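Q: Got a structure for you, written out below as structure tokens; questions coming shortly.
Derivation of every value follows stated rules applied to the coordinates shown; laboratory data play no part. Small disclaimer: the values here were computed from a predicted structure and weren't measured. Every residue, glycine among them, receives a Cβ derived from its backbone with ideal geometry; neighbour counts consider all protein chains shown.
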Amino acid sequence: MCGIAGIVNYPDREAIVRMTSVQAHRGPDDHGVQIFPEERIALGHRRLSIIDLTAGGHQPMSNDDGSIWLTFNGEIYNYLELRASLEKMGHRFKSRSDTEVLLRMYEQYGFDFVKQLNGMFALGLLDRRQNKLLLARDHFGIKPLYYLQQNGRFLFASEIKGLLAANVYTPEVNSQALYDYLTYLYVPCPETIFRGILQLPPAHILKLDLKTSKTELTRYWSVGSRVGNGNGKHDFEEASQKLRTLLTDATRRQMISDVPLGVFLSGGVDSPILTGLMAQASAKPVKTFTVVFEGKNVQLYNEQNEARAVAHKFGTEHYETSVDISEPLEMLSLIDHFDQPFGNPTFYLMYLISKAARSEVTVALSGAGGDELFAGYPRYRAMGLAKWVRWMPQPVLAGTNSALNIFSDDFRSPTLRRARQFVAGVDHDFAKEFVNWTYFLKDDQKRALLLSGSPNGGTLASERIVRKFLDESGLEEQGNRALQADIQTFLVDNILEYTDKMSMAVSLEVRVPFLDHRVVEHTLTTPFQYKLKSGSAKVMLKKAFSDLLPQSNARARKKGFNFPLAVWMRDNFDSYFEDQMNEQSVRRGGIFDWNYIQLLRDQHRNGKSDNSYPLFSLIMFDVWFKKYMN
């Protein structure tokens, strides 16, 4: 994995060196800079060597006559097939790298070359003949790419800190992004917390005309566009078998590496399947890595026994990383790797497991995407329940909501809070209903919390982002549309975001076989009941790989890869809050109402409400604000 950067209309060598240097953790093995004085462009690269460890993979890389230059972050899993096809067309190669394959693909197919790629990637390509700069990002945004167009300049980088290092931008808070952050605990793409800095959306290419400075943003792939292309026309048995074929192939493709690799192992269904597939394809024992919790009231989160059962079944070389949540944890410094406020504390677990894995391997496979593809979250079962609840007379529904509000939150489980949100939202349209199952602060709470009341020129509607993806889906079934919306929001901006940032913090490459676009196309175009039936999730996945799953895992209650925040904050809350977010700092920031923060805090202390996530997200914002805005 790598870090990339580029500047247009500011070909300052020191600036591009700074932009790449601050991303050195993404690529400690090699670095390169290329300046084009005539076009007033600079490209930079930091390399983590995975394929072709020789100097043949050095970047930025050019074609034979120097008219095309590429800086690329990621892995192309079908590069060997693409290379063979190009060789038949007369192309000759100087290296074994997938980077050179991308250059030749562009020479052969032009801007449409990205449509043939199977992999995870973010790239910047300079075509000096056409006076064009091309940015492209993979189908699901596994690899990040940020850009800024301001005052005649255009900059891009793998991380926001790369853009800031150019010293041409004065940071400002994006008020709409802040509002969305308080809703979801992350900033949804394409916005960032910095006004003017954007993310390139997944499955998009951006063309910059170097003469006119005009940009053109184009989507090159969507699941909806694949409907009718042979997808979705299978009965359950056929669909299960095709899933097995596709995921097996995806896993084996993603095992291609010139460096050691392993897999993150939990006690659920997704990563045990990957472990089994890797064991079948590997001549050596697979290296597996698991997080284990120590302390009181954490058994709801611990998957140690289930993970050990999988490790035993496949004879893996198993490693466990312990987390004692009774102790204060050094999480706040990791905000430097996000460059934005990030309120999901699970990032800390990803950091710990990545750090442990990096001592043994350079590449790790992850089961990320399995829950979004196969309806693994409770909210999908709630969708089915909502159909029945809507038939309840309004007085009965209102009475149910009132009854739920009598109880205090259980600090060990978010179920009661979710139940309240669910019942409160079933009389709304589907987009609002969906958001009601996922938000962390309601719109009226955010109005009370923010001194400005609402984003300047923005919208308060929390469901607008989800509604956009639901409307544009192209899929018929509501359940499949919901899965796709989750992939394009929660997965991309939350799970894949912390996976990339925390693994890259320790120079570990993480691959996600479930997000092979062929697997996604097949799964989302099959009937929703193949994923969730009679309250049972991942039906087709369990059927396809029944021989690989220990029975204890197949039947186990879902725990998930989650940090026990409520338990931890109950023991460590006061010290964290007093140290990081006091009245003086909040009032000086001029963004939040201190009295409302005190209300959230008192409700939490008294056990009236579990406000652990809202309060933690505020602490993380405060840490970010002090570092980047003061």
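Q: Give the range of the longest stretch in the chain that excludes all GluC sites (Glu not before Pro) found in loop regions by DSSP and having at most 11 other beta-carbon atoms within 10 Å.
A: So the longest stretch without any such site is 331-630.
Q: Suppose each label sits 7 Å from its Cα in the direction of the beta carbon; what would the LEU300-LYS115 distance come out to in nanometres?
A: It is 4.9 nm.
Q: Between ASP235 and GLU320, 0.36 nm times their residue separation minus their Cα-Cα distance comes to what?
A: Result for the pair: 26.6 nm of gain on full extension.
Q: Could you quote the convex hull projected area for the range 495-630, Cα atoms only and averaged over all directions, in nm²?
A: 13.0
Q: While we're on this one: With the contact rule set at Cα under 8 Å and sequence spacing of 6 or more, what percent relative contact order holds for the range 2-221?
A: Worked out over the range 2-221, it gives 19 percent.
Q: Check each of the trypsin sites (Lys or Arg not before Pro) in the range 68-102 and keep only those in coil by DSSP with at most 16 other C-beta atoms within 10 angstrom; list them in order.
A: Loop-located and lightly packed - ARG92, LYS94.
Q: Still on this model: Restricting attention to the range 295-326, which trypsin sites (Lys or Arg not before Pro) occupy a DSSP loop and are surrounded by at most 12 other Cβ atoms within 10 Å?
A: Numbers: sites: LYS296, ARG308, LYS313; in loops: LYS296.
Answer in residue order: LYS296.
Q: What is the gain in length, in nm to one decimal, between GLN150 and ARG195 on full extension, counting 0.36 nm per residue of separation less the C-alpha to C-alpha distance?
A: Once the chain is fully extended between GLN150 and ARG195, it gains 15.1 nm.
Q: A further question on this structure: Within the range 115-203, which trypsin sites (Lys or Arg not before Pro) sit in a loop by DSSP and count at most 14 neighbouring Cβ atoms inside 10 Å?
A: ARG129
Q: Continuing with this model, one more query. Taking the Cα atoms of the range 319-385 alone, what are Rg (to one decimal) and Dmax (as a whole number) in Å?
A: That works out to 15.6, 46 Å for Rg and Dmax.
Q: Rank the residues MET89, MET120 as a footprinting-exposure proxy: fewest other Cβ atoms within 10 Å of their Cβ go first.
A: So the residues, fewest neighbours to most, are MET89, MET120.
Q: Here is a follow-up. Rounded to whole Å and sorted largest first, list the principal axis extents of the Cα atoms in the range 192-323.
A: Principal-axis extents of the range 192-323 (Cα, largest first): 60, 44, 35 Å.
Q: Return the FRET efficiency for the residue pair ASP30, LYS313: r is the Cβ-Cβ distance, R0 is 45 Å, and the value is rounded to the nearest 0.05.
A: 0.70
Q: A further question follows. Pairs LYS94/LYS161; LYS161/LYS284; LYS284/LYS355; LYS88/LYS115; LYS296/LYS627: which exceed 31 Å Cα-Cα?
A: Numbers: LYS94/LYS161 33 Å; LYS161/LYS284 39 Å; LYS284/LYS355 22 Å; LYS88/LYS115 20 Å; LYS296/LYS627 34 Å.
The answer is LYS94/LYS161; LYS161/LYS284; LYS296/LYS627.
Q: At GLU14 and ASP593, where each label point lies 7 Å from the Cα along Cα→Cβ, what is the point-to-point distance in nanometres?
A: 4.7
Q: Tell me the net charge near GLN23. Cut-off is 9 Å between Cβ atoms, GLN23 excluded, with +1 for each Lys or Arg and -1 for each Asp or Glu. Each step should come with its number before you reach the end.
A: Values: positive: ARG26, ARG46, LYS161; negative: GLU159.
The answer is +2.
Q: When Lys and Arg each count +1 and Asp and Glu each count -1, what net charge do the other residues less than 12 Å away from MET540, Cβ to Cβ, add up to?
A: +4
Q: I want to check the label-to-label distance for SER257 and ASP65. Put each point 7 Å from Cα in the C-beta direction and report it in nm to one decimal.
A: Placing both labels 7 Å along Cα→Cβ, they lie 4.0 nm apart.
Q: If you take every residue apart from PRO285 with its C-beta less than 13 Å away from the C-beta of PRO285, what net charge results, scoring Lys and Arg +1 and Asp and Glu -1? Before the final figure, lay out each step's value.
A: Working: positive: LYS284, LYS287, LYS313; negative: GLU317, GLU360.
So the surrounding residues net to +1.
Q: How do VAL259, VAL492 line up, fewest other C-beta atoms within 10 Å first?
A: Lowest count first: VAL259, VAL492.
Q: Average projected area of the Cα convex hull of the chain, in nm²?
A: 27.4
Q: Along each principal axis of its Cα atoms, how long is the range 2-221 end to end? Whole angstroms, biggest number first, please.
A: 53, 37, 35
Q: Once you have all Cα-Cα distances for the range 90-170, histogram them in 10 Å bins from zero and send the whole-percent values.
A: 15, 41, 32, 11, 1
Q: Right, another one. What's the magnitude of the charge dipole for the chain around its Cα centre, counting Lys and Arg as +1 and Asp and Glu as -1 at the beta-carbon? Answer in Debye, nearest 20.
A: 860
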